[in-house]
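Data first, discussion second: the structure below is written as structure tokens.
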Amino acid sequence: MAAYVASLSPGPRIPDAEQYSTAGLTAEQIARGGELFRTNCSACHNIEGRGGALPNGSYAPSLMNTSGKHIYEAMRTGPQQMPVFASGTMTDQDVKAIIGYLNATHAQPSDGGFALGGIGPVSEGLWGWIIGVGACVLAAIWLARKGTRSR
Ligand code: HEC
């Protein structure tokens, strides 16, 4: 059925495994994939590919569990508000680098402690505000209660 539907339109065909395989990517190529991702994708999908909100109630989905094949297809077809990244703009090598970057990022342990959803400064700021400032307020109350003047 998929083959029949594919035969109806001139869109790009289903990629071969070697078009999106990340085997043999060097650390430099993965770093370049990170640059490409930050330049072209992070505005919608967040810096780590965790997804994000877009205008008019739509959103760019998280890419945490997205397969290489799916990423390749999304870039070549541009679903919904996502722009098309044709092979003239992004070569297969660039797509592979991006997939390699996403895989590497998602395999990375969170050495800095809690990732807090990895969605950036909002959750980190909220955490800092509630826990950090909250602790200062509690300490101030505690000190004021123990102080001589309060007796
Ligand atoms: C203008 C915002 C925008 C940009 C830029 C963008 N995307 Fe998307 N992307 C979307 C939206 C919106 C969807 C959801 C489309 C849908 O639901 O049909 C999507 C869907 C996807 C999907 C399919 C995910 C799934 O689970 O179905 C992948 C993979 C993807 N994008 C990868 C990328 C990559 C890689 C780049 C950079 C080269 C990129 N996107 C750039 C908005 C964007």
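Things worth noting here:
- Taking each residue of the range 1-29 that is over 15 Å from T91 (Cβ atoms) and looking for partners that are basic (K, R) with beta-carbon atoms closer than 9 Å, six or more apart or interchain, yields A6/R13; G11/R76; I14/K69; A17/K69.
- A search for C-beta distances below 9 Å between a residue of the range 115-142 that is touching a residue at least 12 places away in the same chain (Cβ under 8 Å) and any residue that is among the charged types (D, E, K, R) and open to solvent by less than 60 Å² (accessible area, probe 1.4 Å), counting only pairs 6+ apart in sequence or on different chains, returns G118/E48; I119/E48; G120/E48.
- Test result for R32, closer than 24 Å to G11 by Cα, surrounded by 16 or more Cβ atoms within 10 Å (Cβ to Cβ) and either touching a residue at least 40 places away in the same chain (Cβ under 8 Å) or of a type outside the set (S, T, N, Q) (or both): no
- Hits in the range 110-151 - residues which are within 22 Å of A43 (Cβ to Cβ) and part of a loop (DSSP other than H, G, I, E, B): A115, I119, G120
- Scanning the range 88-131 for residues that are charged (D, E, K, R), surrounded by fewer than 17 Cβ atoms within 10 Å (Cβ to Cβ) and within 14 Å of the ligand (Cβ to nearest atom) yields one hit, D92.
- When G34 is tested against the conditions (1) in contact with a Ser or Thr (Cβ under 6 Å, 6 or more places away or on another chain); (2) assigned to a helix (DSSP H, G or I); (3) more than 9 Å from the ligand (Cβ to nearest atom), the lone failure is (1).
- Subset of the range 68-87 (residues that are free of Cβ contacts under 8 Å to residues at least 40 places away in the same chain, open to solvent by less than 60 Å² (accessible area, probe 1.4 Å) and under 17 Å from the mean Cα position of the chain (by Cα)): A74, M75, G78, M82
The values are calculated or read from the model by the stated rules, or taken from the named source; none is laboratory data. Since the structure is predicted, the reported quantities are computational estimates derived from the model, not experimental observations. Note: ideal-geometry Cβ built from the backbone for every residue, glycine included; neighbour counts use all protein chains shown. Side chains are part of the model used for accessible areas, which takes the heavy atoms of the whole protein and leaves out ligands, DNA and RNA. Shrake-Rupley method; radii C 1.70, N 1.55, O 1.52, S 1.80 Å.
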